[in-house]
1. Accessible surface of ASP313 in the full protein assembly, 1.4 angstrom probe, to the nearest 10 Å²?
2. Please compute the net charge surrounding GLN362, taking Lys and Arg as +1 and Asp and Glu as -1 over other residues with Cβ under 14 Å from its Cβ.
3. Can you list residues from other chains, or at least 5 along the same chain, whose modelled amide H is less than 5 Å from the amide H of GLY192?
4. Return, for the Cα atoms of the chain, the radius of gyration and Dmax in Å, separated by a comma.
5. If r is the Cβ-Cβ distance from ARG368 to LYS297 and R0 is 45 Å, what FRET efficiency results, to the nearest 0.05?
6. log10 I(q)/I(0), Debye, Cα-only region 1-119, no solvent, q = 0.12 Å⁻¹?
7. For ILE318, enumerate residues with amide H under 5 Å from its amide H, sequence gap 5+ or separate chain, H modeled in the peptide plane.
8. If you consider only alpha-carbon coordinates, what radius of gyration and Dmax does region 214-316 have, in Å?
Amino acid sequence: MSANVYDIVVIGGGIVGAACAAEFAAEGLSVAIVEARMVGGGATAAGMGHLVVMDDSEAQFALTRYSQVLWNELRDELPSEVEHDACGTIWVAADDEEMAEVRRKERFYSERGVSVEVLDAQALAEAEPNLRRGLAGGLRVPGDSVIYPPCAAQFFVGRAQARGAKLFIGRAVEGLKSESVRLRDGTSISAGLVVNAAGSWSPELTNDLSVKKRKGHLVITDRYPDFLRHQLVELGYLKSAHSVASDSVAFNIQPRTTGQLLIGSSRQYDVDDARVENSIVTRMLSRAMDYLPGLGKLSALRAWTGFRAATPDKLPLIGPHDEHERLYLATGHEGLGITTSVGTAKLLVDQIMNRIPAIPIQPYLPSRMAPETTARV
Ligand SMILES: Cc1cc2nc3c(=O)[nH]c(=O)nc-3n(C[C@H](O)[C@H](O)[C@H](O)COP(=O)(O)OP(=O)(O)OC[C@H]3O[C@@H](n4cnc5c(N)ncnc54)[C@H](O)[C@@H]3O)c2cc1C
């Protein structure tokens, strides 16, 4: 084999590309990972790391649930810097209308084997004493957890390298051909298959991909180890995540193993500028303080932004490009790519190895978006 010939080239060393590379290498395939900047430095570094089972659609549930099972299987192998914390989620209901949503979610999850617990107002106050009084209740999902995503991406790349994968770091892919990729420095890497896992940059490499940037803001505080026990998400979050017309913010807060509190989050389309916007941060913090009044006395250390890679139907693109059979896509994971990275990797490897996947693959196949996607060759 000449130096630059591989079975598979994975473009992008975010958590999705990294998980895919580890899975391919575990199959004994020769793998190259090409990362333009740093491993786990894109949306993966910006995200919250909430491993969460979601119920927006059956397909979203299937992928998040499958992925959660895979994360649980990995748990004992994750190094301490991945900071896996089985803190669980509480979906917070502000009023009776949101309590009705709690009951709907309870039925949905219970019918599908996910353990959940309905909390009334008193149980919610006992579970999270810093929440304001007067909230209606909530739904606790004890199986959800939290990780530190950049270290998880590094863990997957390390696994791939231990099985012989080659990492091209600080090397940007400039163009794809059906059997090779061309790097900006002129290097050509030949491969049987190419995987575009470049997140919100993936449309720059594959023309007219149905993936748009969706900007998000986060704020992190100083260390307050006893302030919070669960990841808390307002039920209004769903309205915000669905709103495609306008900027939205919703209360979403996470306890880190460091004792810090990670406060989210916002969603904006059609904004390319990565700068932190004070107006959005102010809205986010005031929403958070509405639920947790004591936050106002704590110190925030830093705010940052990241870009989710969003598809029109809020499901990722996992599988072969419909026109270029050697090009595979693993992108469009929007706000769930940390959770679904491991499921994505399994589904992709199953397709490539011609195996029957553990969950139906159809909802995630790029061909559902045809005829919009065409590869830049
Ligand atoms: C504010 C916010 C909060 C979030 N919270 C959560 C959460 O709690 N839970 C969850 O599951 N998900 C969450 N997400 C979503 C999650 O972060 C993303 O879905 C996930 O990180 C996507 O990973 P990726 O590997 O596809 O993309 P990225 O992490 O962006 O990686 C893509 C990589 O490709 C590289 N690249 C780009 N172009 C090229 C090129 N030409 N050549 C070589 N390399 C290239 C980039 O440098 C980058 O490293 C959140 C996202 C945001 C923005």
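1. Result for ASP313: roughly 70 Å² accessible.
2. Values: positive: ARG368; negative: GLU58, ASP313, ASP322, ASP350.
Residues near GLN362 contribute -3 overall.
3. For GLY192, the qualifying residues are TYR6, ASP7, ILE8.
4. 20.5, 68
5. Working: r = 49 Å, r/R0 = 1.08.
Efficiency, from the Cβ-Cβ distance: 0.40.
6. Results for region 1-119 at q = 0.12 Å⁻¹ read -0.63.
7. The list, which skips near neighbours in sequence, is LEU365.
8. Cα-based Rg and Dmax for region 214-316 come out at 13.7, 40 Å.
The values are calculated or read from the model by the stated rules, or taken from the named source; none is laboratory data. A quick note: this is a predicted structure, and the numbers were derived from the prediction, not measured. Neighbour counts run over all protein chains shown; Cβ positions are idealised from the backbone, glycine included. With ligands, DNA and RNA removed, areas are computed over all heavy atoms of the protein, side chains included. Shrake-Rupley method; radii C 1.70, N 1.55, O 1.52, S 1.80 Å.
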